[in-house]
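Taken together, the values in this text are just the output of simple stated rules run on the coordinates, not laboratory data. Remember, predicted model here, so these are calculated numbers, not experimental data. Here Cβ is always computed from backbone atoms with ideal geometry, including for glycine, and neighbour counts include all displayed protein chains.
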Amino acid sequence: MRTRLRAQRQQFALSESFDLAQQALGRHLIAVVTQLEPQCLGLYASIRSEFNAVVALGADPYCDKLPWALPYCLRTPREMHYRQWDRKAPMVPDECNIASAAGPLVVPDVVLVPCVGHAAGNYRLGYGGGYFDRFLAAHPHVTTIGVSWSFSALGEADFTPQPHDIPLTVIVTELGVS
């Protein structure tokens with residue numbers, strides 16, 4: 001299922017409707033972040049044709065002034081934490097070779113969570129490594145914003161939440177907020 005959804009997302013990124021969908025998702029995301037007024041916003045470095053929230057939020061005057069942090073993943077032990085990102089220092093790769101920051105450790109109060117797919121109840125299908133699941137279990141006070149595309153919605157037959165799955169606070173797509 002992950003392979004199929006990633007392939008759909010890649011095809012969508014090459015389509016004519018992608019730019020308008022990005023703009024719409026960006027507007028919805030900015031509205032949610034602005035409403036939440038985070039003290040520190042946890043973003044992610046987009047990979048594999050994910051929505052680029054850094055670009056979208058960086059273009060908004062309010063969101064651009066917020067303190068930002070990026071996830072940093074460790075392979076052993078398999079865990080993820082956030083590092084403050086001042087956007088002046090260059091990004092550095094984490095142990096999974098995903099762009100991160102070299103700043104001090106922080107725990108954002110609002111975290112954007114990239115979704116390969118999403119399901120009813122605001123559940124997320126990720127890449128399968130469990131990094132976000134473990135972080136969210138350790139930080140239940142964090143408000144979570146899933147970032148997904150509407151076509152990656154999964155039906156009940158496609159996705160059954162497992163005991164380790166933690167529902168997100170909201171999911172934002174180009175069509176709106178759920």
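Taking N as the number of residues in the stretch 94-178, what value does Rg over Cα atoms divided by 2.2 N^0.38 Å take? Please list the in-between numbers first.
On the way: Rg = 13.3 Å, N = 85, 2.2 N^0.38 = 11.9 Å.
After normalising by residue count via 2.2 N^0.38 Å, the value is 1.12.
Expressed in nm to one decimal, what extension gain is obtained for the pair Val170 and Thr34 from 0.36 nm per residue of sequence separation less their Cα-Cα distance? Before the final figure, lay out the partial values.
Working: separation 136, 0.36 × 136 = 48.96 nm, distance 1.40 nm.
Length gained between Val170 and Thr34: 47.6 nm.
Per q in 0.14, 0.15, 0.17, 0.24 1/Å, what log10 I(q)/I(0) does a Debye calculation on the alpha-carbon atoms of the stretch 1-84 return?
-0.61, -0.69, -0.84, -1.16
Given the DSSP H assignment, sum -39500 (n - 2.57) over each helix run of at least 4 residues in the chain and divide by its residue total; what's the result at 222 nm in deg cm²/dmol, nearest 500? Mind dumping the intermediate values first?
Values: 5 runs with 50 residues, N = 178.
When only DSSP H runs of four or more count, the value is -8000 deg cm²/dmol.
Given contacts defined as C-alpha pairs under 8 Å and at least six residues apart, what's the relative contact order of the chain, whole-number percent?
On the way: 325 pairs, mean separation 39.0, N = 178.
Dividing the mean separation by the residue count of the chain yields 22 percent.
Could you list the square roots of 5 times each eigenvalue of the Cα gyration tensor of the stretch 65-110, that is, the equivalent ellipsoid semi-axes, sorted largest first and rounded to whole Å?
Numbers: eigenvalues 65, 33, 9 Å².
After diagonalising the Cα gyration tensor, the semi-axes are 18, 13, 7 Å.
Taking R0 as 25 Å, what's the FRET efficiency between Ser178 and Arg87 from their Cβ-Cβ distance, rounded to 0.05? Show your work: numbers first, answer last.
Working: r = 30 Å, r/R0 = 1.19.
About 0.25, to the nearest 0.05.
To the nearest Å, what is the center-to-center distance of the stretch 81-113 and the stretch 44-78, using C-alpha atoms only?
Measuring centre to centre over Cα atoms gives 8 Å.
Can you give me the three principal axis dimensions of the chain from its C-alpha atoms, in Å, biggest first?
Largest first, the chain extends 42, 36, 28 Å along its Cα principal axes.
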